[in-house]
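The values are calculated or read from the model by the stated rules, or taken from the named source; none is laboratory data. Just so it is clear, the structure is predicted and the values come from calculations on it, not from any experiment. Cβ sites come from the backbone with ideal geometry, for glycine too, and all protein chains shown count toward neighbours.
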Amino acid sequence: MQSGSTHHTNGASPFPANFTWGAAAASYQIEGAWNEEGKGLSVWDMVTRQPGRIWENDTGNTACDHYHRYREDVALMSEIGLQAYRLSISWPRVIPAGTGGINHAGLDFYDKLIDELLSKNITPWVTLFHWDFPYDLFLRGGWLNADSPKWFADYTAVVVDRLSDRVAHWMTLNEPQCFIGMGHLKLENEHAPFLKLGMTEALLAAHHSLLAHGLSVQTIRARARKAPLVSWAPMGCIYCPATESPGDIAAARRATNDVYDGHFWNNRWFGDPVVLGRYPEEGLKAYAKWLPKFADGDFEIIRQPLDFYGLNIYSGTLVKADADGKPVVVTQPPGHSHTHFNWKLTPEALYWGPKFFAEQYNLPIVITENGMSNCDWVSLDGKVHDPQRIDFLNRYLLALQRAISEGVDVRGYFQWSILDNFEWAEGYKHRFGLIHVDYETLKRTIKDSAYWYREVIHTNGASLKPGYRKVTDPVPAHSINRPVVLEPQIIGI
């Protein structure tokens, strides 16, 4: 999975010589041009028209205007020194109704974007679905429709046929825990299409999305002209041990691998079918009273060979072992550091997450998203100073470095995000970007963190400042014991 760029290192970094350093973004969050040149509507176009649904009634109608400014944005990526860029394709931009007629202008946009990236020696990593489901297919039942996996496979074929002579890296779905759990389930209703389904119906939608993944992988491998490297990008629901005692580590591993009653904040209900070809026993038990019927042979479709396992990791939950060895959540002390999104600062998640997933699935790991929301603005000197993001990334990358130094096979890291952008139901409240965007003038300003990241890339991680320590301190006295229930502090990017 080498990016094509040359690493410069003094030999002090444990990151592999062919490690891929990149950044990521998603189509609806940056492209704008919501109804231009034949693009169809998505479910996000639908919900942003509903007053009060999005913070300050923001929309992605213009967003960062990347559709018209992609050359400028790619030039900035090159200035930062990115080796790879993880982009997503807008399904309704390519096929306006979701099925049927192809919008050649939409395909042309991605064609030109890929060429522009390659001209700057930036390797494209393409995600086929990052939540902008076609509106016309939503009207036909969306992910509840048994035909939805085939719809997605047909769309995959169109994109692969056009781009696979230059694109080798493919991801099918981004964070099904979010677009199903937070878009379809009654208890977690924060994402498009904002349905309020019961658990049985949400489980059916989830199953169809997994079938869509499997058919998409089959399609990529059957039609790609350039030898493909294929995976997906689920959310990592990570539990970290409060101390590195054997008991706490075992408790954190158990919590990370478990499935919890009544919601989708888990890893294995989605990961096990994709990698192992079955739902986990823990999930069958947790969801027993809601399970829909699954057709014979579904898991043969869902389980397809993957070349790596993508993980989106932003934060983690600390746990310790109780007297019986069961995991209980450790409450962080008052005032514990958090991002603007109120996600806890837990860099150890980028150590334990890759470690636990590598153990579970025995696949190389790529961190497909990691980053932080900050309250950045352009200072009077015309620059954007974001020292918190620099410290955040330094801490998390040192944790990832530790995992690699201990033998975890991690192949790449993608910072979220290359640009400040539309943050779903949060509108433009949060800024995750390495590049600041003035949404009124659309002026781009490279942040301090981007220049810092450029040096990390240039040195292949050797420029990271040491300081990461193992979590060996005793559990704080203020901690309380309570059953492990993942309270979603990660709502998906």
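Under the condition of being of a type in the set (Asp, Glu) and over 21 Å from Ala24 (Cα atoms), which residue from segment 147-202 is modelled with the lowest pLDDT?
In the first step, residues of segment 147-202 are kept if they are of a type in the set (Asp, Glu); the result is 147, 154, 161, 165, 175, 188, 190, 201.
Next, only the ones that are over 21 Å from Ala24 (Cα atoms) stay: 147, 154, 161, 165, 188, 190, 201.
Working: Asp147: 98, Asp154: 98, Asp161: 98, Asp165: 98, Glu188: 76, Glu190: 89, Glu201: 97.
Among residues in segment 147-202 that are of a type in the set (Asp, Glu) and over 21 Å from Ala24 (Cα atoms), the one modelled with the lowest pLDDT is Glu188.
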(Q) Looking only at residues that are buried (at least 24 other Cβ atoms within 10 Å of the Cβ) and in contact with a Lys or Arg (Cβ under 7 Å, 6 or more places away or on another chain) in segment 404-422, which one is farthest from Trp170 (Cα to Cα)? (A) Asp420
Q: Determine which single condition Asp409 fails, assuming it passes every other condition in (1) more than 21 Å from Arg71 (Cβ to Cβ); (2) touching a His at 6+ places or on another chain (Cβ under 8 Å).
A: (2)
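Against the condition modelled with pLDDT of 95 or more, crowded, with 18+ Cβ neighbours inside 10 Å and in contact with a Phe, Trp or Tyr (Cβ under 9 Å, 6 or more places away or on another chain), how does Pro96 come out, does it pass?
On the way: modelled with pLDDT of 95 or more: yes; crowded, with 18+ Cβ neighbours inside 10 Å: yes; in contact with a Phe, Trp or Tyr (Cβ under 9 Å, 6 or more places away or on another chain): no.
Answer is no for this residue.
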Q.
Pull out all pairs, ordered by first then second residue, where Cβ-Cβ is under 6 Å, the residues are six or more apart or on different chains, the first lies in segment 185-205 and is closer than 19 Å to Ala425 by Cα, and the second is in a helix (DSSP H, G or I) and of a type in the set (Val, Ile, Thr).
A. Ala192/Val43; Ala192/Val47; Pro193/Val43; Phe194/Val47
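Kindly establish whether Gly32 is modelled with pLDDT of 95 or more, in contact with a strand residue (DSSP E or B) (Cβ under 9 Å, 6 or more places away or on another chain) and farther than 23 Å from Tyr309 by Cα.
Values: modelled with pLDDT of 95 or more: yes; in contact with a strand residue (DSSP E or B) (Cβ under 9 Å, 6 or more places away or on another chain): no; farther than 23 Å from Tyr309 by Cα: yes.
It is false that Gly32 is modelled with pLDDT of 95 or more, in contact with a strand residue (DSSP E or B) (Cβ under 9 Å, 6 or more places away or on another chain) and farther than 23 Å from Tyr309 by Cα.
Does His130 satisfy being surrounded by 24 or more Cβ atoms within 10 Å (Cβ to Cβ), in contact with a Ser or Thr (Cβ under 8 Å, 6 or more places away or on another chain) and within 18 Å of Asp115 (Cα to Cα)? Before you say what the answer is, go through the steps one by one.
Working: surrounded by 24 or more Cβ atoms within 10 Å (Cβ to Cβ): yes; in contact with a Ser or Thr (Cβ under 8 Å, 6 or more places away or on another chain): yes; within 18 Å of Asp115 (Cα to Cα): no.
Taking the combined requirement at face value, the residue does not satisfy it.
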Q: Please tell me if Thr339 is farther than 20 Å from Pro234 by Cα and surrounded by 21 or more Cβ atoms within 10 Å (Cβ to Cβ).
A: yes
**Q.** Pairs, first without any contact (Cβ under 8 Å) to a residue 60 or more places away in the chain and closer than 17 Å to Phe357 by Cβ in segment 262-287, second of a type in the set (Ser, Thr, Tyr) and crowded, with 20+ Cβ neighbours inside 10 Å, C-beta under 9 Å, six or more apart
**A.** Asp272/Tyr279
Q.
Would you confirm whether or not segment 199-220 contains a residue that is over 22 Å from Trp269 (Cβ atoms) and either surrounded by fewer than 24 Cβ atoms within 10 Å (Cβ to Cβ) or not basic (Lys, Arg) (or both)?
A. yes
**Q.** Single condition Thr156 does not satisfy, out of (1) buried (at least 24 other Cβ atoms within 10 Å of the Cβ); (2) part of a loop (DSSP other than H, G, I, E, B); (3) not small (Gly, Ala, Ser)
**A.** (2)
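Looking only at strands (runs of 3 or more DSSP E) that lie completely in segment 274-331, which have at least 1 residues being among the small types (Gly, Ala, Ser) and in contact with a strand residue (DSSP E or B) (Cβ under 9 Å, 6 or more places away or on another chain)? Give the steps one after another, and end with the answer.
On the way: elements: 309-312, 316-321, 327-329.
Passing ranges, in order: 309-312, 316-321.
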Q. Hey, among the residues in segment 127-137 that are under 15 Å from Gly100 (Cβ atoms) and of a type outside the set (A, V, I, L, M), which one's nearest to the chain's Cα centre (by Cα)?
A. Pro134
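Is it the case, given these coordinates, that Val259 is modelled with pLDDT of 95 or more, hydrophobic (A, V, I, L, M, F, W, C) and touching a Phe, Trp or Tyr at 6+ places or on another chain (Cβ under 7 Å)? I'd like the intermediate steps shown before the answer.
Working: modelled with pLDDT of 95 or more: yes; hydrophobic (A, V, I, L, M, F, W, C): yes; touching a Phe, Trp or Tyr at 6+ places or on another chain (Cβ under 7 Å): yes.
The answer is yes for Val259.
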